[in-house]
Amino acid sequence: QVQLVESGGGLVQAGGSLRLSCAASGRTFSRSAMGWFRQAPGKEREFVAHINWSDGDTYYGDSVKGRFTISRDYAKNTVYLQMNSLKPEDTALYYCALNLRAGWGTPTAYDYWGQGTQVTVSS
């Protein structure tokens with residue numbers, strides 16, 4: 001079984017930065033990948049970023065390109081999401097997810113999910 005635990009959320013003013021962390025425990029998969037999604041009240045879960053464990057290839061949602069950076073610490077089984085130039089529309093519950101299969105970008109491509117960490121950006 002795999003457990004994912006997010007941390008690092010909080011309240012920040014517009015233009016500020018936050019770094020989210022997602023620690024994975026349990027079984028590890030060298031061919032897996034991890035992603036970040038977010039969900040605001042009344043909206044669908046939105047893809048934010050994805051990274052492959054093995055080669056570090058990254059992918060981003062259009063709304064965060066150039067502002068957010070996903071990275072991983074292979075030895076710590078931890079993925080990070082550095083969020084800069086935050087906007088009020090970035091306010092959401094942020095989830096990390098583990099992908100054991102090919103594909104990325106849609107919630108159905110991921111097999112395990114964390115409980116989420118709240119990010120609130122004030123204007």
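Inspection of the stretch 99-118 identifies at least one residue that is in a strand (DSSP E or B) and within 16 Å of Gly10 (Cα to Cα).
Pairs meeting the criteria (first residue in the stretch 39-61 and without any contact (Cβ under 8 Å) to a residue 12 or more places away in the chain and closer than 23 Å to Thr91 by Cβ, second residue open to solvent by 30 Å² or more (accessible area, probe 1.4 Å) and in a strand (DSSP E or B), beta carbons under 9 Å, at least 6 apart or on different chains) are Pro41/Leu93.
Across the stretch 69-103, which residue is nearest to the chain's Cα centre (by Cα) among those that are surrounded by fewer than 21 Cβ atoms within 10 Å (Cβ to Cβ) and hydrophobic (A, V, I, L, M, F, W, C)? Quick ask: steps written out before the conclusion?
To start, the set of residues in the stretch 69-103 that are surrounded by fewer than 21 Cβ atoms within 10 Å (Cβ to Cβ) comprises 69, 71-78, 80, 82, 84-85, 87-89, 91, 93, 100-103.
Now narrow it down to the ones that are hydrophobic (A, V, I, L, M, F, W, C): 75, 93, 100, 102.
Working: Ala75: 18, Leu93: 10, Leu100: 16, Ala102: 17 Å.
Applying the filter and picking the extreme gives Leu93.
Give the stretch 24-41 a look and list any residue that's at pLDDT below 95 and open to solvent by 10 Å² or more (accessible area, probe 1.4 Å), or say none. Once the filter is applied, which keeps residues that are at pLDDT below 95 and open to solvent by 10 Å² or more (accessible area, probe 1.4 Å), the stretch 24-41 yields Ala24, Ser25, Gly26, Arg27, Thr28, Phe29, Ser30, Arg31, Pro41.
The values are calculated or read from the model by the stated rules, or taken from the named source; none is laboratory data. Since we're looking at a predicted model, the values are computed, not measured. All Cβ positions, glycine included, derive from the backbone under ideal geometry; neighbour counts span all protein chains shown. Surface accessibility is based on the protein's heavy atoms, side chains included, excluding ligands, DNA and RNA. Shrake-Rupley method; radii C 1.70, N 1.55, O 1.52, S 1.80 Å.
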